[in-house]
């Protein structure tokens, strides 16, 4: 079976109830696309967004989850809570979580196990910094992250997002050759290389999306800032078919 493209928007710490009209505008581009279209808004908007997206082709996801289903963890959100609010996916191990919150790959793996137990599909992020790439360590770093971050078990289903940290909000961009080489490498490290989707997440914009989506081992995109702009996000979705 061919892998279905996934275009995922990560709203990060953006979005208020006044922005829910975005989903009304997204419904038509999502319906026209052969790709899965996903938005990961802040947790405060998930339930309201789920109501807004009912009957559309728009999927929703969370941006992080706790390793436990319940407990005395003030301020945290569990995977079952995300599922109950309408999420189907959850982003885990994003570079901003790894850096801002010192999340280890082992913690990411535990969160992925929790997400799977709750019926969510984890989008597990990996990627190297500029210093690591310039030192020739990119493949070693990503390989180590994959080894420690991915859940085990024959029945697991997850998505990998390669997000070179040096190409996120810096003005630098990865070349198509850079992306192709890393995605091909990632696929060699997967237990189900033919069926696991590997998406790209390094400053994807309408201007570079078509070239990236045409690469053999790229199964979609994890979009940051451009996912907040309906015209830009719709244009990216259109490149996925």
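Every number in this text was worked out from the coordinates using simple rules, so none of it is lab data. These figures come from a predicted structure and were not determined experimentally. With ideal geometry, Cβ positions are generated from the backbone for all residues, glycine too; neighbour counts draw on all protein chains shown.
Full extension of the chain segment joining residue 214 with residue 184 gains 9.4 nm, where the gain is 0.36 nm per residue of separation less the Cα-Cα distance. Counting beta carbons within 10 Å around each of 139, 22 and listing the fewest first gives the order 139, 22. Note on the stretch 143-231: Rg/Rh from Cα positions, Kirkwood definition for Rh, rounded to two decimals, is 0.98. In terms of surrounding Cβ atoms within a 10 Å radius of their Cβ, 162, 89 rank from fewest to most as 89, 162. When 111, 83, 192 are sorted by how many other C-beta atoms sit within 10 angstrom of their C-beta, beginning with the fewest, the order is 192, 83, 111.
With helices as the sole contributors, the chain gives -11000 deg cm²/dmol at 222 nm; each DSSP H run of n ≥ 4 counts as -39500 (n - 2.57), and the sum is divided by every residue.
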